[in-house]
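The values are calculated or read from the model by the stated rules, or taken from the named source; none is laboratory data. Just so we're clear, the structure is a prediction, and the values are computed from it rather than from any experiment. Cβ sites come from the backbone with ideal geometry, for glycine too, and all protein chains shown count toward neighbours. Ligands, DNA and RNA are excluded from the accessible area calculation, which covers all protein heavy atoms including side chains. Shrake-Rupley method; radii C 1.70, N 1.55, O 1.52, S 1.80 Å.
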Amino acid sequence: MKESLRVLVTGAAGLVGAEVTARLAAAGHEVTALVHDNPVLVRNDGTRLETGAVTCLPGDVTKPRLGLPEAAYQALAAGGLDRIVHCAAITDFGLPDEVYQAVNVDGTTHVVELARAGGVPLVHVSTAYVCGERDGLIRETELDEGQQLANAYEQSKFRAETLVHKAQADGVRAAIVRPSIVVGEERTGVVRDYKNIYAVLKLATEGRVRSLPGQYEARLDLVPVDYVADVITEVTHRFEEAAGRTFHAVGAPLTLRDFSDVMAEYPPFQVPRFVPPTSFDAQRLSRRERLYYERVMTLYASYFRRRMRFDDSHTAALTTRRAPENGQDFLRTIFDHCLESGYLGVPPADGTEAAARPDVTGPHATAVAHGAGSAESDAIGAGR
């Protein structure tokens, strides 16, 4: 039995946050779940997390003292915690810069202030895509390499991680976990929220967008939500070994050629054609296809040309859990579940497209993997 810890988890209602909370509670720890506007913790499989071992604490990371009453905040700061696990963040793409600043950057500032005030070790959940548009091997030891960051989400997560590094230099003890694109459970493909990459897959496999700017050699890194939660939990448990280091929670990278080959195995799926960005002209698309491309696909376009590979040597040395080794097999698992659940499949031919696709062109079409859609939606993926 591991030593019982008093742990505060921010963003506990999010996809990854709920799974981390469940694991910590199951291990016998006393977990306080900071929640914004959703006091019900729902796990990835859709079941409610029993709150017997979890105390839900209403708060707001965007506010000083996490929006808590003074007495509650001082109780946490005055020796009330052994760990803070900071999962809260906004992961939707295409939002105003001030939203990312308030939640992802200011929110991290406020969490760091609590860690500093109470001398509490901090596990900060970032994203592997703070690497921006760099190609080649991305090491866990690297952060600011002069990279071009692709969007406001990546910029905010970069700034947040920079804050944590500065806090470490000032004496705050911290470890950082960087997930890549968080998707369904490794064995079953089950996922609570069809967001980020799922909206892209829906438009592509239904033939809504048939041509995209991209390189077939570009890589997308998909990682199972259960693996990410296991890594974060292990870093929390073994903080004395993890302190001061960064851990990539990543999967087996897939090239766009791999995606195309696996899509072609499924008769219901259309397979998009990737056109070199220098040759792609959105004006040649049909009006409807151009609409989908401009509303959704442009938000993810940079991910179709990146050729990075994430080093995870720190993670491999610390944890016993291993990520999926075969990216194509894992992608098949994801597709199989999407078909079984009805999320992917043959689109209707009777003109009722909009009614059949509530998640594709609405606000959630731009959400990136694992988020609850609230001010504390889970921030993991490539766009956390």
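Look at where the Cα atoms of region 32-53 and of region 80-131 average out, and the two centres are 19 Å apart.
When D37, D82 are compared by accessible area of protein heavy atoms, the largest-first order is D37, D82, using a 1.4 Å probe. Divide the volume of the convex hull around the Cα atoms of the chain by the residue count and you get 128 Å³ per residue. A Cβ-based charge dipole, computed about the Cα centre of the chain with Lys and Arg at +1 and Asp and Glu at -1, lands at about 480 debye. Its DSSP H runs of at least 4 residues, each contributing -39,500 (n - 2.57), put the calculated 222 nm mean residue ellipticity of the chain at -9000 deg cm²/dmol, to the nearest 500.
Counted by Cβ distance under 13 Å from E241, the other residues give a net charge of +1, where Lys and Arg count +1 and Asp and Glu count -1. Judged by the gyration tensor of its Cα atoms, with axes a ≥ b ≥ c, region 1-132 is oblate; a/c meets the 1.5 cut and b/c is at least as large as a/b. Relative to the 2.2 N^0.38 Å rule of thumb, region 170-250 has a C-alpha radius of gyration ratio of 1.44.
So, with a 1.4 angstrom probe, what is the percent of accessible area on the chain that is carbon and sulfur?
Roughly 47 percent, rounded to a whole number.
If you only keep lysine pairs separated by 8 or more in sequence, or across chains, how many in the chain come under 30 Å at the Cα atoms? For the chain, qualifying lysine pairs total 6. By DSSP, the beta bridges lying fully in the chain are antiparallel in about 10 percent of cases.
Taking the solvent-accessible surface of protein heavy atoms with a 1.4 Å probe, what is the per residue accessible area of the chain in Å²? Don't jump to the answer; show the numbers that get you there.
Numbers: 14810 Å² over 384 residues.
With the other protein chains kept in place, the chain gives 39 Å² per residue.
In the context of the full protein assembly, V42 retains an accessible surface of approximately 40 Å², using a probe radius of 1.4 Å and ignoring ligands and nucleic acids. Extension gain, E240 to T320, is 27.2 nm, computed as 0.36 nm per intervening residue step minus the present C-alpha separation. Accessible surface of D144, taken over heavy atoms with a 1.4 Å probe and every protein chain present, rounds to 110 Å².
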